[in-house]
Amino acid sequence: MTPFFLRLLFGLCAVLGPLALRAAEPAPKPEERPSPPKGDAAKAPAPAAPAAAKDAANKDGEVLELPKIEVTAARVKELDHEIKKLDKLIAREKKNIKATDLDKALNNAKIANAAALFGGNSSEHLEAVAATRVNYMEMEREILNDMRQPRTLDELAMLEKELDRIRTMQRELDNVRR
């Protein structure tokens, strides 16, 4: 098909699509009303017993509303996904805790001190940074596990604040490395 016909077809779908959806919706049903009574009963107003009963119930005792907490599987699945991704990062970073022979040769402490002007770090320093990063990641994983089932909203807020603080420290650790 040529681009002209594709555009024409798309335009028709855009115009006729909402009309077709509106036509497919069921028509609203008229309210079912009882037939009006005949005689003197037709002049009397209908009793408002259900509304009066609700008002009486509200006036007699206060309605206690509990705080709303949504426990959805989506939130837990999202936390599980983050934990799984974090576990992979921890496994990858644990390899960097122990410097290789090549890294020790290239990033020798004596050479790194001389090259500090250019931003070089010794292999011991890089090992320490990797160990600290793994520690922060493990703390983050523990907090995410605790966030799966918080006891109160205050505890959830505290855990989120702590998680933000740990992630900030990790970013600062990465900035110091550069």
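Values quoted throughout were computed directly from the atomic coordinates according to the rules given, and no laboratory measurement underlies them. Everything quoted here is computed from the prediction, not taken from an experiment. Glycine also receives a Cβ, built like all others from the backbone with ideal geometry; neighbour counts cover every protein chain displayed.
Listed values, structure above:
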item	result
Cβ-defined net charge surrounding K94, 14 Å radius [Lys, Arg +1; Asp, Glu -1]	+2
Karplus (6.51, -1.76, 1.60) ³J(HN,Hα), θ = phi - 60°, over the stretch 85-102, in Hz, Gly and Pro reported as x	5, 5, 4, 5, 5, 5, 4, 5, 6, 5, 5, 7, 5, 9, 6, 7, 4, 5
Calculated FRET value between L173 and C13, using beta carbons and R₀ = 45 Å, to 0.05	0.25
Ranked packing of 143-150, 95-102, most packed first, by mean Cβ within 10 Å	143-150, 95-102
In Hz, Karplus ³J(HN,Hα) per residue of the stretch 157-173 (6.51, -1.76, 1.60; θ = phi - 60°; x = Gly, Pro)	5, 5, 5, 5, 5, 5, 5, 4, 5, 5, 5, 5, 5, 5, 5, 5, 5
For the stretch 127-178, diffusion coefficient by Stokes-Einstein and Kirkwood Rh (Cα), 37 °C, 0.692 mPa s, µm²/s	280
³J(HN,Hα) computed for each position of the stretch 140-146 - Karplus, 6.51 cos²θ - 1.76 cosθ + 1.60, integer Hz, glycine/proline x	4, 4, 4, 5, 4, 5, 5
Sum of side-chain charges, E162 neighbourhood, beta-carbon under 13 Å (Lys, Arg +1; Asp, Glu -1)	-3
Label point distance in nm, A74-L89, each placed 7 Å from Cα along Cα→Cβ	2.3
Ranked packing of 125-138, 151-164, most packed first, by mean Cβ within 10 Å	125-138, 151-164
